[in-house]
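Heads up, the thing below is written out as C-alpha cells.
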Amino acid sequence: MKPLIRRPVVLGMVSALVLVLAACTQAAPTDQADAEQAGCDAVDALETALQDFRDLDPATASSDDVIAARDAVQEAWDDVKASSAAIGDANEAAIDAAWDQVSTAVDEFSDDVPVSEAIVPVQEALGEVQTAFDEMRDGTEC
C-alpha cells in the first residue's frame, strides 16, 4: 500500500473503532433519578445472578457452569458498586448546581427593590436545593 493511501485507511479504521466503542459504552447517569434507576437495575441484576447461581443443579452443572455463575455474580456486584458511586456523584452534582443558583440569586440581590420582591429568586433557588436534598434523602426506593 502506498503511504498516501495508508493514512485514510488507518484513520477510517480508528474512526470506526471509536464509533463502535462509543456505541457499546453505557453513558453515566446524568441526574439523580437516572442514577437511582440505574442503581435499582443493578440490584435487580445482582439478585438474578445470585438466584441463577443458587439454582445450579449439582447433578448436572459443570465446573464451567459454576465458574460462569460466579463470574456473573461478580460482574453484577461490580455494577452495583459502580451504580452506588454514580448515585452519590449525581446527588452531589444536583445539590451543588442548586446551591450555585442560590449563590447567584444572593449575588444579584438588589438594594433598589423591596426585600419582599428581591428574596423571591433566592427562595425559588432554595426550593431547588430542597428538592435535590429530598431526592438524596429518599434514596433509590427500589
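Positive-end ranking of VAL43, VAL66, VAL122 along the dipole of segment 29-138, with charges on Cβ about the Cα centre, is headed by VAL66.
By the beta-carbon count within 10 Å of each Cβ, the least crowded to most crowded order of PHE133, PHE53, fewest first, is PHE133, PHE53. Residue-wise HN-Hα couplings along segment 45-56, as the Karplus relation 6.51 cos²θ - 1.76 cosθ + 1.60 with θ = phi - 60° gives them from phi, are 5, 5, 4, 5, 4, 5, 5, 4, 5, 5, 7, 4 Hz; Gly and Pro carry x. Counting other C-beta atoms within 10 Å, and keeping those with at most 14, which DSSP coil GluC sites (Glu not before Pro) do you find in segment 75-142? Taking segment 75-142 and a limit of 14 other Cβ atoms within 10 Å, the loop GluC sites (Glu not before Pro) found are GLU108, GLU141.
Quick note: the coordinates plus some simple rules give every number you see, no bench work behind them. Source: prediction; values computed, not measured. Note that we place each Cβ from the backbone using ideal geometry, even for glycine, and neighbour counts take in every protein chain shown.
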